Amino acid sequence: MKTNDLILQTATKLILFLIVLFSIYIFFAGHYTPGGGFVGGLLTSGAILLLLLAFDLKMVQNILPFNYLYMVALGLLFAIGTGAGALLFNTPFLTHAFGDIHLPVLGELHLHTATLFDLGVYLVVVGVTMTIIQTIGGDE
Amino acid sequence: MSLLHLAIIAPFLLAVFVPILYKHMKKVHTGWFVLPLPILLFAYFVSFISTTSNKQTVTESFSWISALGIDFTAKVDGLGLLFTLLITGIGALVVLYSIYYLSKDTEKLNTFYVYLLLFMGAMLGVVLSDNLIVLYLFWELTSFSSFLLIGYWYDREKSRYGAQKSMIITVFGGLAMLGGIILLYIMTGTFSITEIIAQSDVILSHPLFVPALLCFLLGAFTKSAQFPFHIWLPDAMEAPTPVSAYLHSATMVKAGIYLVARMSPVFAEHSLWLWLIAGFGLVTLFWGSFSAVKQTDLKSILAFSTVSQLGLIMSLLGIGAAALHFDNIDPALFTVATTAAVFHLINHATFKGSLFMVVGIVDHETGTRDIRKLGGLMNLMPITFTIAIIGAFSMAGLPPFNGFLSKEMFFTGMLSILNMDFNWGILFPVGAWIASVFTFIYSMIIVFKTFTGKYQPEKLEKKPHEAPIGMLISPIILASLVIIFGFFPNILSNSVLEPALQTIMPGFAFDVHIGFWHGFNAELLMTIGVVVVGILLYLTLSKWRSVYGIFPEKLALNRFYDNGLDWMQKGSHSLTNSYMSGSIRNYLAYMFSFIIILLTATLFGKDAFAVNTENVADIGPHEVILASMIAIASVAIMFTKTRITSIILTGTIGYLVSLFFVIFRAPDLALTQLVIETISVSLFLLCFYHLPKKLTDDPVSFKVRNAIIAVGVGAVVTLIALSAHSNKLFDSISQYYIENTYSEAAGGNMVNVILVDFRGFDTMFEITVLGIAALGIYGLIKLRKTGGKKL
Amino acid sequence: MEILMAFIIGILFMSATYLMLSRSIVRIIIGTTVLSHGAHLLILTMGGLKGGSAPLVGENASAYTDPLPQALILTAIVIAFGVTALFLVLGYRSYKELGTDNMEKLRGTEGND
């Protein structure tokens, strides 16, 4: 059966980047305004899901040739690594550090190790969601 | 962490590498990698002899759970050192023997040596721990490794039976001992043996003294196979022979004796300790030697012989305790019994170890251990025969071997009971003498039924010939020790015996001199009597053997054990079957009903139910509409019959919940719920074609039952939700988060800061759970047998 | 509002329990989803509703709603998603392999359980 997805496919190409950009924004903004690793990760997976609906699984796998299970592992490593990093400074596991760096032209930059931890959460969420969707979708 | 701790842990560390070595070095027998460790440890512990023989001890502490008084304190004193030398020394010989006994081509050597090392480390831990809790941990670990080793050939039913039996009995005793440890802690407030001994006066007058004493004795009696708990030891002989020689004769079964010796300074003042240990020891001594004579399997004879010898050592320790109990009698009369106990402990390890190895060789070379099939091996296996003679004659108490010396001392100890003001005291020397006669008989059976008599090659599976030299080294070493200790017993007295005795009975002066000749005294006459009567009875064995048929099989302890176990298994099986129907919905129904009953009872029993309409948030009209929509959707979902309606309604509820999150000022939740719901619905749709079109319906009666439970759960949860709002028992901890979000964590979004910073652990485990779920799904779909085989 | 929510939560739990006790594996999966919704709302209601503005420091409000239940629920939502996905796959795999969604028929037979 051949279906005509032209409208969906065209719209997806546009919306996809908007969603991905928004998810990245929401991931970084999460420390101050609603958002964070969970929502960011879910939104990114939502964007990929949209891509899957508009095109087919094979094509998406060609565009994004990730092994999502590795992404889960990487995310877990980030989260545990950030936590374990605190041990090096003789502070309890998962103690975070933060500080400000003054950059020329760009101005103040606020840095926080919690972002690294949140990045781990982000990666795990994207990895898990995409593993689930890909394996179910790829069945048969 | 000191070198001493490292020595205890070293076997465990090596055990980690054994499987790797086994896998990558297939050509070399794994035993060769294990062998250096016990030798090194033996050398290391020998270096302590100079310290302990000066009556000094070495204590190293390693802080573990200090808050509970549990520290890994290792202490080397005379008694501990004696046992460590046995463990490492016999351990080295057994490992060497096992290299030739177990073929590297057919046996699972990796597991064998892992278990063996596990045992070695655990046993070292038992005898070197000064902390009772640590001692208990190692104690159970020895039971556990013994279980694994008995069940080493787990495809044999008898091995599994023996392993289970030993586990049940020894762990039962171990738990009793744990009870005793806790009672001691209640009395003294410490787990340290040294400190407990220092408070022995307090303990003696405490009402919990007798229960603690009984608990410890249960632990010691089960471990050391004392009557009536001895039944596990003969069945433990299903283990490979090196294991039997090591665990079930030389070391593990002596842990109970170690415990009795170690706790003597605490308990021995009380007469109960004396009589229980001496009494049970004597009964075990007699029953073991009596039962050994009727066995036809060589290993069974040795097993019952071990039971009997353990009883002998135990009864001697009991009599030795009299030195502490009776103040008006010269203690030297009784301390000789303790000396005999410790000396015999060493001797038993040497002669019994060599005999076990001999039996292993016979089994290995002929394929059988049945004395009815064996005979006439003397000319075929001359070296083995010589070792057997030395071991068995020592066990029978014949000169010039070490067994003779300790047997004489044993008679002296038993006769010393006559000094007590006790009418039935004569029973002890008489019982000991009768048991010695039986000991003599079975010792002769082992040697002469196997090596002399008629050679019956047609009954043997293999053509026997002398064992390879590697297999003979260990028994030869042990047999020469039997002779050396026999001729020069005093090389042990200063270095090993006196320090050990000093530990068992602090406060007494020991000057041990063991000599051969004491003149024609009662002991020598008893020995001569044993030999004469023993030879007569051995020669007429076939005529009086029918004595063993008199005992009704029904009264046998084994029968009792089997029936008891069977009864318990059947009982628990039928109990479980009565409610475990295999239907998960029934279980859920039980759980939900239980939740209803429990929560309602608590709610009203504690008078916690309250409805407080103050401080409630206002309700807007749009909220009422949303609420009724959610109510309608959740009721409707109960009655849907098709997959598509169910999925749509589930999505509806999810989106409505996210709208509620918006209303309740939870932007993070609203965002997450919205996206999750979208992805969930698409997941459902992805699976759509794979799901049944029409959902299976339940019969009406079933529906009614479910509806009643469902309404009950709904009502209870409503009540709880109402009460939860109305009861604020203590202040929320949320205020801390609200105030410190910016100052402590430099963030603005409190929810996110709690997730990644304040409660980062939760989040970390949460994403771990997510990862596991993904792996599970991946495994369910990708890692399955291709072709979708019908089950 | 809290009183109203208590009844909504009760209805959600009732519906979830009924679904979980049913024979159809699909209903059971949906039941667990509904149950998690009920539990999330219960946690939120227990903390008190509309106690102030959204828990963002930037709001500069005098009172905030309780952020702790929200953090707990956020964790729970994501876990519930993982659980639902796993159940879903379990359900459809067993339906495809065994050809039924009836739990009664999915029971292990005697000697084969």
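The values are calculated or read from the model by the stated rules, or taken from the named source; none is laboratory data. Model, not experiment: these values are computed from the prediction. Using ideal geometry, Cβ is built from the backbone for each residue, glycine included, and neighbour counts are taken over all protein chains shown. Side chains included, ligands, DNA and RNA excluded: accessible areas come from the protein's heavy atoms. Shrake-Rupley method; radii C 1.70, N 1.55, O 1.52, S 1.80 Å.
For region B:584-731, the mean projected area of the C-alpha convex hull, equal to one quarter of the hull surface, is 11.6 nm². Between the Cα long axis of helix B:332-366 and the first principal axis of chain B there is an angle of about 80°, rounded to the nearest 10.
Where Rh denotes the Kirkwood radius from the mean inverse Cα pair distance, what is Rg over Rh for chain B?
Details: Rg = 34.9 Å, Rh = 31.4 Å.
Using Cα coordinates only, the ratio equals 1.11.
Among the GluC sites (Glu not before Pro) in region B:411-485, those located in a DSSP loop and surrounded by at most 12 other Cβ atoms within 10 Å of their own Cβ are B:Glu461.
Atom-type composition of the exposed protein surface of the protein assembly as shown places 69 percent of the accessible area on carbon and sulfur (1.4 angstrom probe).
Working from Cα pairs under 8 Å separated by at least six residues, relative contact order for region B:113-158 is 41 percent.
Normalising the Debye intensity of region A:6-138 to I(0), with uniform scatterers on Cα atoms only, and taking log10 at q = 0.22 Å⁻¹ returns -1.26.
Counting only residues at least eight positions apart within a chain, or on another chain, the lysines with an alpha carbon under 18 Å from that of B:Lys543 are B:Lys294, B:Lys449.
Given their separation in residues at 0.36 nm each and the Cα-Cα distance between them, B:Ile625 and B:Ser47 gain 199.5 nm when the chain is fully extended. Give the calculated FRET efficiency between B:Ile528 and B:Trp424 to the nearest 0.05, with a Förster radius of 25 Å applied to their Cβ-Cβ distance. So, using R0 = 25 Å, E works out to roughly 0.45. Sorting the segments B:351-362, A:19-30, B:217-228 by their mean number of nearby beta carbons within 10 angstrom, highest to lowest, gives B:351-362, B:217-228, A:19-30. What FRET efficiency comes out for A:Leu16 versus A:Asp139 if R0 is 30 angstrom and r is the Cβ-Cβ distance? Round to the nearest 0.05. Once the sixth-power term is evaluated, E becomes 0.75. Surface analysis of the protein assembly as shown yields an accessible area of 42 Å² per residue, using protein heavy atoms and a 1.4 Å probe.
For every other residue with a beta carbon closer than 12 angstrom to the beta carbon of B:Tyr455, add +1 if it is Lys or Arg and -1 if Asp or Glu, then tell me the sum. Before the final figure, lay out the partial values.
On the way: positive: B:Lys373, B:Lys454, B:Lys459, B:Lys463; negative: B:Glu458.
That works out to +3.
The separation of region B:142-206 from region B:275-297, counted between C-alpha centres, amounts to 22 Å.
What's the Cα-based Rg to Rh of region B:125-196, Rh via Kirkwood? Intermediate values should be presented prior to the final figure.
Working: Rg = 15.0 Å, Rh = 13.3 Å.
Computed over Cα atoms, the ratio is 1.13.
Once all protein chains are placed together, B:Arg372 keeps about 150 Å² accessible to a 1.4 angstrom probe.
Compactness ratio of chain C: Cα Rg over 2.2 N^0.38 Å, N = residue count? Walk me through the numbers on the way to the answer.
Working: Rg = 19.1 Å, N = 113, 2.2 N^0.38 = 13.3 Å.
Ratio of Cα Rg to 2.2 N^0.38 Å: 1.44.
Along Cα→Cβ, 7 Å out, is where each label goes; now give me the distance between the ones at B:Val58 and B:Tyr548 in nm to one decimal. So the label points at B:Val58 and B:Tyr548 sit 4.8 nm apart. Chain B and chain C together bury an accessible surface of about 8400 square angstrom, both sides counted, with a 1.4 Å probe and no ligands or nucleic acids included. The gain in end-to-end length when the B:Phe508 to B:Gln735 segment is fully stretched comes to 75.0 nm, 0.36 nm per residue minus the alpha carbon separation. Result for chain C in a Gaussian network model with C-alpha springs under 10 Å: among C:Gly82, C:Gly58, C:Gly48, the largest mean-square fluctuation is at C:Gly58.
Note on B:Phe326: accessible area approximately 50 square angstrom, rounded to 10, probe 1.4 Å, nucleic acids and ligands left out. Mind jotting down the distance between the C-alpha centroids of region B:729-784 and region B:361-392, whole Å? Centre-to-centre distance over Cα atoms comes out at 70 Å.
Convex hull over the Cα atoms of the protein assembly as shown, averaged projected area in nm²? Walk me through the numbers on the way to the answer.
On the way: hull surface 218.1 nm².
Mean shadow area of the hull around the Cα atoms is 54.5 nm².
Excluding same-chain neighbours fewer than eight residues apart, the aspartates and glutamates reachable from B:Lys462 by a Cα-Cα span under 20 Å are B:Asp105, B:Glu107, B:Asp297, B:Asp363, B:Glu365, B:Asp370.
Can you tell me the FRET efficiency between A:Leu64 and B:Lys27 if r is taken as the Cβ-Cβ distance and R0 is 41 Å, rounded to the nearest 0.05?
Working: r = 49 Å, r/R0 = 1.19.
Result of the calculation: an efficiency of 0.25.
Considering only A:Gly83, A:Gly35, A:Gly99, the mean-square fluctuation computed in a Gaussian network model of chain A, springs between alpha carbons under 10 angstrom, is largest for A:Gly99. Here B:Lys26 is the anchor, and the lysines within straight C-alpha reach of less than 16 Å, apart from those fewer than 8 places off in the same chain, are B:Lys104, B:Lys108.
Would you mind checking the pairs B:Lys27/B:Lys463; A:Lys13/B:Lys693; B:Lys254/B:Lys299; B:Lys223/B:Lys299; A:Lys13/A:Lys58; B:Lys352/B:Lys459 and listing those with alpha carbons more than 22 angstrom apart?
Details: B:Lys27/B:Lys463 28 Å; A:Lys13/B:Lys693 34 Å; B:Lys254/B:Lys299 18 Å; B:Lys223/B:Lys299 19 Å; A:Lys13/A:Lys58 17 Å; B:Lys352/B:Lys459 27 Å.
The pairs that break the limit, which is 22 Å between Cα atoms, are B:Lys27/B:Lys463; A:Lys13/B:Lys693; B:Lys352/B:Lys459.
So if each residue of separation counts as 0.36 nm, and I subtract the Cα-Cα distance between B:Ala707 and B:Ala601, what length gain in nm does that give?
Details: separation 106, 0.36 × 106 = 38.16 nm, distance 2.09 nm.
Using 0.36 nm per residue and subtracting the Cα-Cα distance, I get 36.1 nm.
Relative to its residue count, region B:732-783 spans a Cα convex hull of 82 Å³ per residue.
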